[in-house]
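Here's the structure, in structure tokens; my notes come after.
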Amino acid sequence: MDLVRGFPLTRHSALAAVRSADAAERARGLATLSSVYWRPVYSYLRLRWRRPHEEAADLAQDFFAELMDKDLLSRFDPSRARLRTYLRVCIDGLVSNSDKAASRQKRGSGTALHFDFEDVREEVERLTSTVESAESLFEKEWARGVFATALQRLRDACAEAGKADHYALLEQYDLGDARPTYAELAQRFGIAVTDVTNRLFRVRRELRHVVLDVLRELTASEEEFLEEARALLGEDAA
């Protein structure tokens, strides 16, 4: 499938939005970035810098405030590194160069962000004992963040279109712990097995489109977008 087919030529970049003079645009850009990156940032702080839970949570909050207050993304050059690589460098700078007490002072961005650090604490602690490196954990959590953001958007879009059952099929078949058969799903939803097949095909296709849309927002060039799409979706994304 052509990666750029079906997408608008205008890039709705979250990177541009966070530097906008419009407060609503800045908030939109930060919301997109943080929805994908808050878990990678927190996990990286736990493993790379060995910070305990509460301190890592505080530093993760500080990190997103610094992105805005110090306009860190204005220094990002996609020809030199991927965004996720650049952000790890920024995290390292935050931890190594900031006094702990000073870094926890209230920032001036005026944007309140709320992350469920406590909810992911145990899972991240388990992961830190199994992954090869902090960089590897960051990559895994980045992929999780992209898909989590895309799934939430898809869920909302299906609900708005009156097709919440399409998302429910995807959720029960692809996202649950136990995978039911198509026949079981057909019985649960009161539809034919062929309808299960067709709806799953369509909703999976839409999910792929939404994933690519999220990646477009998080990349600064077409080249970076294509690289990230291949990294996330594999060779068949080319």
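The values are calculated or read from the model by the stated rules, or taken from the named source; none is laboratory data. Predicted, not measured: the structure shown is a model, and the values here were computed from it. All Cβ positions, even for glycine, are placed from backbone atoms using ideal geometry, and neighbour counts span all protein chains on display. Protein only, heavy atoms only, side chains kept; ligands, DNA and RNA dropped before computing areas. Shrake-Rupley method; radii C 1.70, N 1.55, O 1.52, S 1.80 Å.
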Residue pairs within 6 Å by beta carbon, gap of at least six or interchain, first lying in segment 71-85 and farther than 17 Å from Tyr37 by Cα, second of a type in the set (Gly, Ala, Ser), listed first then second, are Pro78/Ala220; Pro78/Ser221
Here are the criteria: (1) assigned to a helix (DSSP H, G or I); (2) open to solvent by less than 30 Å² (accessible area, probe 1.4 Å). Tell me which single one Pro180 does not satisfy. (1)
Output the number of residues of segment 61-93 satisfying the condition of being under 20 Å from Phe225 (Cβ atoms), among the small types (Gly, Ala, Ser) and open to solvent by less than 60 Å² (accessible area, probe 1.4 Å). 1
When Glu25 is run through (1) free of Cβ contacts under 8 Å to residues at least 40 places away in the same chain; (2) under 17 Å from Leu94 (Cα atoms); (3) in a helix (DSSP H, G or I), the failure sits at (2)
Given the conditions (1) in a loop (DSSP other than H, G, I, E, B); (2) within 19 Å of Ser35 (Cβ to Cβ); (3) at pLDDT 90 or above, which single one is not true for Ala112? (3)
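Take the conditions farther than 26 Å from Arg28 by Cα, at pLDDT 95 or above, of a type outside the set (Phe, Trp, Tyr) and in contact with a His (Cβ under 9 Å, 6 or more places away or on another chain) and apply them to Arg199. Does it pass?
yes
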For segment 122-136, does any single residue satisfy the condition of being outside any helix (DSSP H, G or I), within 23 Å of Glu228 (Cβ to Cβ), open to solvent by 60 Å² or more (accessible area, probe 1.4 Å) and not polar (S, T, N, Q)? yes
When Arg48 is evaluated against the numbered criteria (1) open to solvent by 60 Å² or more (accessible area, probe 1.4 Å); (2) out of contact with any helix residue (DSSP H, G or I) (no Cβ under 8 Å at 6 or more places or on another chain), which criterion, by number, is the only one it fails? (2)
Residue pairs meeting the criteria (Cβ under 7 Å; at least 6 apart or on separate chains; first open to solvent by 10 Å² or more (accessible area, probe 1.4 Å), in segment 203-223; second among the small types (Gly, Ala, Ser)): Leu207/Ala150; His209/Gly6; Val210/Ala150; Glu217/Ser13; Glu217/Ala14; Ala220/Ser13
Filter result for the condition that a residue is surrounded by 14 or more Cβ atoms within 10 Å (Cβ to Cβ) and among the acidic types (Asp, Glu), over Asp195, Asp156, Asp174: Asp195
